[in-house]
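Here is the structure we will look at.
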Amino acid sequence: MPAARESAARLQGAEAAESALDHGQIPGDVQRALEDVNVPSYCVDRFGIIRWLNPAAQELVGDVRGRQQSSVVVPEQAREARESFLRKVMGTERATDASVVVVDPDGERVQIEISSVPIHEGSRIVGVFGIVSHREEAAAPHPHPHLTPRQNQVLHLLAHGRSTAQIADELHLSVETVRNHVRLMLRALDAHSRIEALAVAHREGLLRQER
C-alpha cells in the first residue's frame, strides 16, 4: 500500500506539472533553479535594496544583500543605475540591456552586460529582477578625472553612435542640456569636435569594451 500511495502521489505531481505547462505556468521550484544556475542573477525590492542573489552573483560582487543596488556599480555610474531602476519601478521602462561596471569582492572593476525587468505582483511593481548576460574579460575602463558622471555617460552614448536627440530621449533630458554636457565634455578632453573627443577617449582607454 505505501508503494501504491507513493506511485499515486508521483502521478498526481506529474499531472499537476503537466497542467501548469498547459496553462502557460512554470511548474516546480523556480527560485531553487535560479539558485543553481551558473548565470549571475539578482532581485531588488521596490526601495532599491538588494534582497536576493544567487551564488554566481555573489561570486561576482560578494554578498551585497541589504545594500542599495546603485552601490554595487562604480561611482560614476551610480546615478545612471538609480535612474534606470526608478523608471522600472514607476512603470515607464520595461526590459533593458545595459553595459555597466561593477566592483568585485577584491575591489577590482569588472565590466558586465545586465538584462533587467520589473517584477509584478498583480498590477503592482514590487521590484526588479536581473541577470548578468556577459562578463568582459578585458579590464574595465576608468573614468576621466575631469569628466562628471553625466558627461562620461554622454561620451559612451556618443561612442554608440547616438545623436543629440537620441541621447536626450534616452537620458530623459532636454536637447539643450545634452548640448551643454557635450560642450563641457569637449573642453575637459581638450577636443574640438565629437569625433576628436571619441579619438581621445579611445586612446586613453575611457570607453567600455564592446563585444
Sparse-neighbourhood loop hits (GluC sites (Glu not before Pro), segment 63-164; DSSP loop; Cβ within 10 Å at most 15 others) -> E108, E137
Name the residues whose placed amide hydrogens come within less than 5 Å of the amide hydrogen of H134, ignoring near sequence neighbours (fewer than 5 apart) on the same chain.
E113
When D104, D36 are arranged by how many other beta-carbons sit within 10 Å of their Cβ, fewest first, they go D36, D104
For segment 88-99, 3J(HN,Hα) per residue [Karplus equation, 6.51 cos²θ - 1.76 cosθ + 1.60, θ = phi - 60°, Hz, x = Gly/Pro]:
5, 5, 7, x, 9, 9, 9, 5, 9, 10, 9, 9
Among V182, V154, what is the fewest-to-most ranking by other Cβ atoms within 10 Å?
V182, V154
Alpha-carbon spread of segment 92-156, three principal axes, descending order, Å:
45, 26, 17
Charge tally in the Cβ shell below 15 Å around Q69, where Lys, Arg are +1 and Asp, Glu are -1, Q69 excluded
+3
Taking every other residue with Cβ under 10 Å from the Cβ of A98 and scoring Lys and Arg +1, Asp and Glu -1, one gets -3
Extending each Cα 7 Å along its Cβ direction at E136 and D104, get the distance between those two points in nm, one decimal.
1.5
Summing +1 for each Lys or Arg and -1 for each Asp or Glu, what net charge is found among the other residues whose Cβ lies under 15 Å from the Cβ of I49?
+4
Convert 25 °C to kelvin, take the viscosity as 0.890 mPa s, use the Kirkwood radius over C-alpha pairs of segment 50-173 as Rh, and evaluate the Stokes-Einstein diffusion coefficient in µm²/s, rounded to a whole number.
158
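Quick note: the coordinates plus some simple rules give every number you see, no bench work behind them. Everything numeric here is computed off the predicted structure, so don't read it as measured data. Counting neighbours? That spans all protein chains shown, and the Cβs are built from the backbone with ideal geometry, glycine included.
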